[in-house]
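Student: Quick one: this structure, given as structure tokens, is what I'll be asking you about.
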Amino acid sequence: MIDKTLLENMIGELRRGTQILAVLSQLADNQYGYSLLQRLEEKGVSIEAGTLYPLLRRLESQGLLKSEWDTTENRPRKYYLLSDAGTEMYDQLKLEWNTIVKELDHLIEGAKTK
Amino acid sequence: MKDLIERYVYDVTRRLPENTRAEVAKELNANIGDMLPEQPAEADIVKVLTTLGEPRELAAGYRTTQRYLISPKWMDEYLMVLKIVLIVLAAISLVFTLIETLTDPQATTVIGMIAEVFGTTFSEVISSLFHGFTLVTLIFVAIDHYGSKCDKEPWSPKSLPELPKDNVRKISRTESIIGMMMATIFGAIFAYLLLNNQLYIAWFDEGTWNIGAGIPLFNDAVILAFLPVYVASVVVTIADHAVKLKVGHWNVATAVSHTIEHLFSIVLMIVFVNTPNLLNAAFLDHAAAFFESPSTTVLAEGIASAATGIVTFIAIFVVIDLIVTWVRVFRPSRRSVK
């Protein structure tokens, strides 16, 4: 029997590295915090709200996202969108992700056949 | 009801730098509003705020830099230095306060003196520990902060420390430190008692405990002449432990120090018990009467031979101990010490 908490910790750690990629992938068009959260959830990727909102702000301060307040509706919303630098970063990260998937597939398959 | 949201947002933003507070608050309010249904009940608000998590953690997420006093990189060194500094400071302040309060007590009664000694010593030790803790922590915070900013040369394997020599017998640091503290504490106490000639032997006299009937055990003049030598021997003992602590294992240096210390102590002891007129005549008279000894001389001789016997016994042990020590130094064990 493996330690449940340990497993959860490890899964959390594994997933944490992919969060940024997941967020960048959905911001080719305008999203506000909650719509992005729902969109990710619809596709099966759940990021906690308490993690996502600060992450968006951090990515913005790193220049990867642009933001705009929409005050036309009765509740103001902050919309986020990939900046040029963000788009480029996303492309690079995507390449890296594909490499990682290939490498690990290779490792895992290789281990099976032994 | 709305109150909960305001309190939550406040609790998050108050932990953030002032120039970001307004923006984060606005955004957080918008996000919370989005997550709530129209006309939310209090239960809805509680649910949403619970999902967002503890304000402390959320605020940490909004911060761009990690905040800590001492990074894990320095933690080992920090804890090690802290331990050593605290032990040394505790020992030093313990000894000095003890000496100070014992030599110049303000209180006039015995109970008062005991309370004074314990109280002063305790508070002095605690306050010196706090000083040590603060100082070490501040120094490490500075090292961590500025050390990472002014990048030094990249690490190279050549800067690795040497392996400790194999085939050495370690001397436990704890043992040395405890030895040092014991020698200081008991040395100081005993020296104080000698100085004031307050060594009494209690005996049972007419149904009550009589503290030597107020008669000191030793002869005043002899004791005063003896005192400087005794203090010297305590200093030698402390120095010996200091050498052992510094070297950390048995070698010629530690063995020499060990030998000097042991010989000094045992010679001192032999000389002490053989000093003529060591025991106070008044004490002897009183004791002779009490034990119904035929004469004071007989009793004195009895005491002297008993003392000589004990000292001889100790001397034999010292000699054996010294032989074993030197044999160990020159024939180290084959098994390597980790």
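Student: What average number of partner chain Cβ atoms lie no more than 10 Å from the Cβ of the residues making up B:19-32?
Tutor: 4
Student: Ordering B:LYS170, A:LYS112 from largest to smallest accessible area (1.4 angstrom probe), what's the sequence?
Tutor: A:LYS112, B:LYS170
Student: Scaled to the compact-protein estimate 2.2 N^0.38 Å, what is the alpha-carbon radius of gyration of region B:2-62, rounded to two decimal places?
Tutor: Against the empirical 2.2 N^0.38 Å value, I get 1.07 for region B:2-62.
Student: Let me ask something additional. At q = 0.18, 0.20, 0.24 Å⁻¹, what base-10 log of I(q)/I(0) does the Debye formula yield for region B:70-161 when every alpha carbon is treated as an equal point scatterer in vacuo?
Tutor: Per q value, in the given order, log10 I(q)/I(0) is -0.84, -0.94, -1.12.
Student: Can I ask one more? If you place +1 on the Cβ of every Lys and Arg, -1 on the Cβ of every Asp and Glu, and leave all else neutral, what size is the dipole of chain B about its Cα centre, to the nearest 20 Debye?
Tutor: Value, rounded to 20: 1700 debye.
Student: Also, I was wondering about something else. Using a 1.4 Å probe on the protein heavy atoms, what percent of the accessible area of the protein assembly as shown belongs to carbon and sulfur?
Tutor: That share works out to 63 percent.
Student: Now for a different question. Compute the Kirkwood hydrodynamic radius of region A:4-113, taking the inverse of the mean of 1/r over all pairs of distinct Cα atoms, and give it in Å to one decimal.
Tutor: 15.6
Student: I've got another one for you. Collect residues whose amide H, placed 1.01 Å from N in the peptide plane, falls under 5 Å from the amide H of B:ARG169; neighbours closer than 5 in sequence don't count.
Tutor: Answer set, sorted by chain and number: B:TRP250.
Student: Towards the positive end of the charge dipole of region B:45-138, with charges on Cβ (+1 Lys, Arg; -1 Asp, Glu), say which of B:VAL95, B:VAL85, B:THR134 has the farthest Cα.
Tutor: It is B:THR134, whose Cα lies furthest towards the positive end.
Student: Just to confirm the number: angle between the C-alpha axis of helix B:281-291 and the first principal axis of chain B, 0 to 90 degrees, nearest 10?
Tutor: Between the helix axis and the principal axis of chain B, the angle is about 80 degrees.
Student: For an R0 of 41 angstrom, estimate the FRET efficiency from the Cβ-Cβ distance between B:ALA232 and B:HIS145 and round to the nearest 0.05.
Tutor: The pair B:ALA232/B:HIS145 has a calculated efficiency of 0.30.
Student: Given the -39500 (n - 2.57) contribution per DSSP H run of 4+ residues, what per-residue ellipticity at 222 nm results for chain B, rounded to the nearest 500 deg cm²/dmol?
Tutor: It comes out at -24500 deg cm²/dmol, rounded to the nearest 500.
Student: So if R0 is 45 Å, what FRET efficiency would B:GLU23 and B:GLU100 give, r being the distance between their Cβ atoms, rounded to the nearest 0.05?
Tutor: 0.15
Student: For chain A, what is the calculated [θ] at 222 nm in deg cm²/dmol (nearest 500), taking -39500 (n - 2.57) for each run of four or more DSSP H residues and dividing by its residue count?
Tutor: Computed ellipticity for chain A at 222 nm equals -22500 deg cm²/dmol.
Student: Right, another one. Pairs A:LYS43/B:LYS47; A:LYS102/B:LYS47; A:LYS102/B:LYS158; A:LYS43/A:LYS66; A:LYS112/B:LYS73; A:LYS4/A:LYS78: which are spaced more than 30 Å apart, C-alpha to C-alpha?
Tutor: Distance filter (> 30 Å) returns A:LYS102/B:LYS47; A:LYS102/B:LYS158; A:LYS112/B:LYS73; A:LYS4/A:LYS78.
Student: Need one number: buried accessible surface between chains A and B, 1.4 Å probe, both sides summed, DNA, RNA and ligands left out, in Å² to 100.
Tutor: So the buried area, both faces added, is about 1600 Å².
Student: As I understand it, the value is the acute angle between the Cα axis of helix B:252-273 and the longest principal axis of the Cα atoms of chain B; what does it come to in degrees, rounded to 10?
Tutor: Once rounded, the angle reads 40 degrees.
Student: Same structure again: If you count, for every residue in A:50-61, the Cβ atoms of partner chains within 10 Å of its Cβ, what is the mean?
Tutor: For peptide A:50-61, the averaged partner shielding equals 5.
Student: Using a 1.4 Å probe, how large is the accessible area of B:LEU278, given in Å² and rounded to the nearest 10?
Tutor: 20
Student: Check which residues have an amide H placed less than 5 Å from A:LEU65's amide H, if you skip close sequence neighbours.
Tutor: A:GLU60, A:SER83
Student: Which residue, B:LEU195, B:VAL298, B:ILE316, has the largest displacement toward the positive end of the dipole of chain B when charges sit on each Cβ (Lys, Arg +1; Asp, Glu -1)?
Tutor: Positive-most Cα among the choices belongs to B:ILE316.
Student: Any idea what Rg and Dmax come out to for chain B if you just take the C-alpha atoms, in Å?
Tutor: 33.3, 109
Student: Could I ask something else about it? Provide the FRET efficiency to the nearest 0.05 for the B:MET182-B:PHE130 pair, computing r from the beta carbons and using R0 = 30 Å.
Tutor: 0.75
Student: At 20 °C and 1.002 mPa s, what whole-number value in µm²/s does Stokes-Einstein give for the translational diffusion of region B:222-308, with Rh from the Kirkwood sum over Cα pairs?
Tutor: 140
Student: For peptide B:34-46, what's the mean number of Cβ atoms from other chains within 10 Å of each residue's Cβ?
Tutor: Whole-number average of other-chain Cβ neighbours for B:34-46 is 1.
Student: What residue among B:PRO40, B:PHE218, B:ALA25 has its Cα farthest toward the positive end of the dipole of the protein assembly as shown, where the charges are +1 on Lys, Arg and -1 on Asp, Glu, each on the Cβ?
Tutor: B:ALA25
Student: Can you give me the accessible area per residue for region B:2-62, using a 1.4 Å probe, in Å²?
Tutor: 57
Student: Relative to the first principal axis of the alpha-carbon coordinates of chain B, what is the inclination of helix B:42-52, with its axis defined by its Cα atoms, in degrees from 0 to 90 and to the nearest 10?
Tutor: Between helix and principal axis, roughly 70 degrees.
Student: Only Lys, Arg, Asp and Glu count, each charged at its Cβ (+1, +1, -1, -1), so figure out the dipole size of region B:70-161 about its Cα centre, rounded to 20 debye.
Tutor: Approximately 380 debye in magnitude.
Student: Related question: Under the √(5λ) rule applied to the eigenvalues of the Cα gyration tensor, what semi-axes describe the equivalent ellipsoid of the protein assembly as shown? Give them in Å, descending.
Tutor: Working through the eigenvalues yields semi-axes of 76, 32, 19 Å.
The values are calculated or read from the model by the stated rules, or taken from the named source; none is laboratory data. From a predicted model like this one, the values you see are computed outputs, not experimental measurements. A quick note on method: Cβ atoms are made from the backbone with ideal geometry, for glycine too, and the neighbour counts reach across all protein chains shown. SASA here: full protein model, heavy atoms, side chains in, ligands and nucleic acids out. Shrake-Rupley method; radii C 1.70, N 1.55, O 1.52, S 1.80 Å.
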